[in-house]
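Enquirer: This is the structure, below, for whatever I ask next.
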Amino acid sequence: MDKQQPPTLYEWAGGTEAFMALCEAFYRKVPQDVLLAPVFAHMHPRHAQHVATWLAEVFGGPATYTAAHGGYPYMLNQHLNKGVTEPQRRRWVNLMLDAADEVGLPGDPEFRAAFVGYLEWGTRLARENSQPGANPPREAPVPRWGWGVAPPYQP
């Protein structure tokens, strides 16, 4: 019996356009947020697009972030010595989930479990890497996140 491969999380979410909409919705919320506004006060005008491109690549889309920005080393450098706090990390995750609902990212349990899994993993790593004196590995591949233990049900 030949089983079809499940779609990537990127495909399931709706591709690059879905991640662009997600990040646009998220970063519209940031300036009004008391915890996150100071962290992003001086962000690049195309920051939302850069994060969307990163997320698209992480979730199985094209390696555009790596080609345009240099991948993991560039992302790491954006977090070094920022001193992200646990309340800021958690707020980032919560606002990202609110934005996911707002733009209609898939709400099925399998997708959301994988999506939240990456947000938790990535933000915890970013918080650790952002602490003064942290010495994370400078070279690593961009993570490629998958379905984990529960791929989507496809009859």
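Enquirer: Which residues, taken from the stretch 98-122, are in a helix (DSSP H, G or I) and surrounded by 17 or more Cβ atoms within 10 Å (Cβ to Cβ)? I'd like the intermediate steps shown before the answer.
Expert: If we filter the stretch 98-122 for residues that are in a helix (DSSP H, G or I), which is where we start, we get 98-103, 109-122.
Answer for the stretch 98-122, where residues must be in a helix (DSSP H, G or I) and surrounded by 17 or more Cβ atoms within 10 Å (Cβ to Cβ): 99, 100, 103, 110, 111, 114, 115, 118, 119, 122.
Enquirer: Sticking with this one: Quick check, is residue 70 exposed (fewer than 14 other Cβ atoms within 10 Å of the Cβ) and within 19 Å of residue 14 (Cβ to Cβ)?
Expert: Values: exposed (fewer than 14 other Cβ atoms within 10 Å of the Cβ): yes; within 19 Å of residue 14 (Cβ to Cβ): no.
Considered against the rule, which asks whether it is exposed (fewer than 14 other Cβ atoms within 10 Å of the Cβ) and within 19 Å of residue 14 (Cβ to Cβ), residue 70 comes out as no.
Enquirer: Residue 66 - would you say it is more than 12 Å from the chain's Cα centre (by Cα), among the β-branched types (Val, Ile, Thr) and closer than 24 Å to residue 136 by Cβ?
Expert: yes
Enquirer: Quick one: in the stretch 73-89, which of the residues that are free of Cβ contacts under 8 Å to residues at least 24 places away in the same chain and touching a helix residue (DSSP H, G or I) at 6+ places or on another chain (Cβ under 9 Å) is nearest to residue 15 (Cα to Cα)? Walk me through it before giving the result.
Expert: Keep residues of the stretch 73-89 that are free of Cβ contacts under 8 Å to residues at least 24 places away in the same chain, which gives 74, 77-78.
From what is left, the residues that are touching a helix residue (DSSP H, G or I) at 6+ places or on another chain (Cβ under 9 Å) are 74, 78.
Numbers: 74: 23, 78: 24 Å.
So the residue we want is 74.
Enquirer: If residue 136 satisfies every condition in (1) in contact with a Leu (Cβ under 8 Å, 6 or more places away or on another chain); (2) modelled with pLDDT of 95 or more but one, which is the exception?
Expert: (2)
Enquirer: If you go through the stretch 10-18 one residue at a time, do you hit one that is in contact (Cβ under 8 Å) with a residue 12 or more places away in the chain, open to solvent by less than 40 Å² (accessible area, probe 1.4 Å) and under 28 Å from residue 85 (Cβ atoms)?
Expert: no
Enquirer: So in the stretch 19-40, with the set limited to residues that are out of contact with any Phe, Trp or Tyr (no Cβ under 7 Å at 6 or more places or on another chain) and among the aliphatic types (A, V, I, L, M), which one is surrounded by the most Cβ atoms within 10 Å (Cβ to Cβ)? Steps first, please.
Expert: As a first pass, look at the stretch 19-40 and keep what is out of contact with any Phe, Trp or Tyr (no Cβ under 7 Å at 6 or more places or on another chain): 19-29, 31-35, 37-40.
The next check asks that each one be among the aliphatic types (A, V, I, L, M); those that pass are 20-22, 25, 34-35, 37, 39.
Numbers: 20: 19, 21: 19, 22: 25, 25: 19, 34: 7, 35: 16, 37: 12, 39: 18.
Ranking the qualifying residues of the stretch 19-40, first place goes to 22.
Enquirer: Within the stretch 83-92, is there a residue that is in a loop (DSSP other than H, G, I, E, B), of a type in the set (Ser, Thr, Tyr), open to solvent by 30 Å² or more (accessible area, probe 1.4 Å) and farther than 21 Å from residue 17 by Cα? Quick ask: steps written out before the conclusion?
Expert: Let us first name the residues in the stretch 83-92 that are in a loop (DSSP other than H, G, I, E, B), namely 83-85.
Next cut, of a type in the set (Ser, Thr, Tyr) only: 85.
Then keep just the ones that are open to solvent by 30 Å² or more (accessible area, probe 1.4 Å); that gives 85.
Retained after the next criterion (residues that are farther than 21 Å from residue 17 by Cα): 85.
Yes, because at least one residue in the stretch 83-92 is in a loop (DSSP other than H, G, I, E, B), of a type in the set (Ser, Thr, Tyr), open to solvent by 30 Å² or more (accessible area, probe 1.4 Å) and farther than 21 Å from residue 17 by Cα.
Enquirer: Still on this model: Can you run down the residue pairs with Cβ atoms below 8 Å, 6 or more apart or on separate chains, where the first is in the stretch 137-150 and open to solvent by less than 40 Å² (accessible area, probe 1.4 Å) and the partner is among the hydrophobic types (A, V, I, L, M, F, W, C) and part of a loop (DSSP other than H, G, I, E, B)?
Expert: 142/63
The values are calculated or read from the model by the stated rules, or taken from the named source; none is laboratory data. It should be emphasised that the depicted structure is a prediction, and the values quoted were computed from it without experimental measurement. Cβ: placed from backbone, ideal geometry, glycine included. Neighbour counts: every protein chain shown. We work out accessible area using only protein heavy atoms, side chains counted, and drop any ligands, DNA or RNA first. Shrake-Rupley method; radii C 1.70, N 1.55, O 1.52, S 1.80 Å.
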